[in-house]
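Worksheet: the structure to be examined is printed underneath.
Quick note: the coordinates plus some simple rules give every number you see, no bench work behind them. None of these values were measured; they are calculated from a predicted model.
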Amino acid sequence: MNLTGKRILITGASSGIGEALARIAVEQGASVVGVARREDRLHALAERLGRQFTPVVCDLEDTTAVDTIKSLKHFDCVIANAGRGSTIMPLDLNLESLEAMMRANVYSALHTLQGALPSAQRGDSFVFVGSILGRIPYAPWRSAYNASKAALAALIVGWRQELYRRGVRVLLVNPGLTKTEFQSTANPESITLPNLHLDSTEFPSMKLQTSDEVALTIIKAIESDRDEVYTREETARWVANYYRELSDGRDLVRHLLEP
Ligand SMILES: NC(=O)c1ccc[n+]([C@@H]2O[C@H](COP(=O)([O-])OP(=O)(O)OC[C@H]3O[C@@H](n4cnc5c(N)ncnc54)[C@H](OP(=O)(O)O)[C@@H]3O)[C@@H](O)[C@H]2O)c1
């Protein structure tokens, strides 16, 4: 996609992958509307990026976000990137912890879609940022997060089917471990994460990527004809292997948690 002159909505633009996306898209000639809750961070970014970046302060978990996004009119591309993690082991889950992750990672994406869809035209793209953990939930301390990203991935398949004949493209991008504020937001200092028996050779998504690397993969994916993309090629192979083993009745991650 030649970004020159394109209008792009990026949610979660106040830090990490979204901020990198906004900067790169503006550098490539796009006009970007960046959404997040932290006004100071968005305005600091607006000062750096200039007139091609418009900050919109909005909590995407709130249903009022739908009207806020509707009022922004047409975008050639919408990147629903906002989200966050949490730390809770699967056996400790309760309704509150599960609902919090659904609000952060599913409702925020749903509200973004509902707000932008009325203005969508043939040829437009909706990009959703999922996670490798939505495909292989190998980190059990992210239990509620894993479930929310898996739910998002499932919903996206339906949205893609419904929008296919309207010529509106729906793409899922699944990053692995990326150096952003995600870890500090998701991991309260009081909680010690359990260890896993894994190394980054066996589990490529554990290799840290920069937010710029991930943002560039997302932008490249917009111009591809792929429905789903991993930010590391070897991660895609790992996922394929995981599901091949699962179809043979073996869950490759069942033994990973150290006692
Ligand atoms: N970092 C990783 O290792 C990793 C791996 C796989 C997937 N991901 C996914 O990548 C996406 C971006 O995360 P990141 O790593 O860049 O983390 P980050 O630096 O913490 O950025 C998260 C962004 O989402 C925004 N956000 C969160 N809740 C929001 C809400 N209710 N309304 C509006 N904006 C909201 C945050 O802005 P405010 O706080 O200002 O609202 C921030 O701009 C997330 O969907 C995450 O799940 C990250």
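Tell me the Kirkwood hydrodynamic radius of the range 125-232 in angstroms, computed as one over the mean inverse distance between distinct C-alpha pairs.
On the way: mean 1/r = 0.0664 Å⁻¹.
When all Cα pairs of the range 125-232 are included, the Kirkwood radius is 15.1 Å.
Could you derive backbone 3J(HN,Hα) for the range 53-59 from the dihedral phi with the Karplus parameters 6.51, -1.76 and 1.60 (θ = phi - 60°), listing whole Hz in sequence and x where the residue is Gly or Pro?
Result, rounded to whole Hz: 10, 10, x, 10, 7, 6, 8.
Give me the base-10 log of I(q)/I(0) for the range 7-247 at each q in 0.10, 0.15 Å⁻¹, Debye formula, one uniform scatterer per Cα, rounded to two decimals.
For the range 7-247, the Cα-only Debye profile gives -0.45, -1.04.
Give me the lysines in straight-line cross-link reach of Lys179: C-alpha distance below 22 Å, same-chain residues under 8 apart excluded.
Correct list for Lys179: Lys149, Lys207, Lys220.
Taking amide H positions as placed in the peptide plane 1.01 Å from N, state which residues far from Leu171 in sequence (5 or more) or on other chains have amide H under 5 Å from it.
Phe126, Val127, Phe128
Please list the non-local residues whose amide H lies under 5 Å from the amide H of Thr54, H modeled 1.01 Å from N, same-chain partners needing a gap of 5 or more.
Sorted by chain and number, the residues that satisfy this are Val32, Val33, Gly34.
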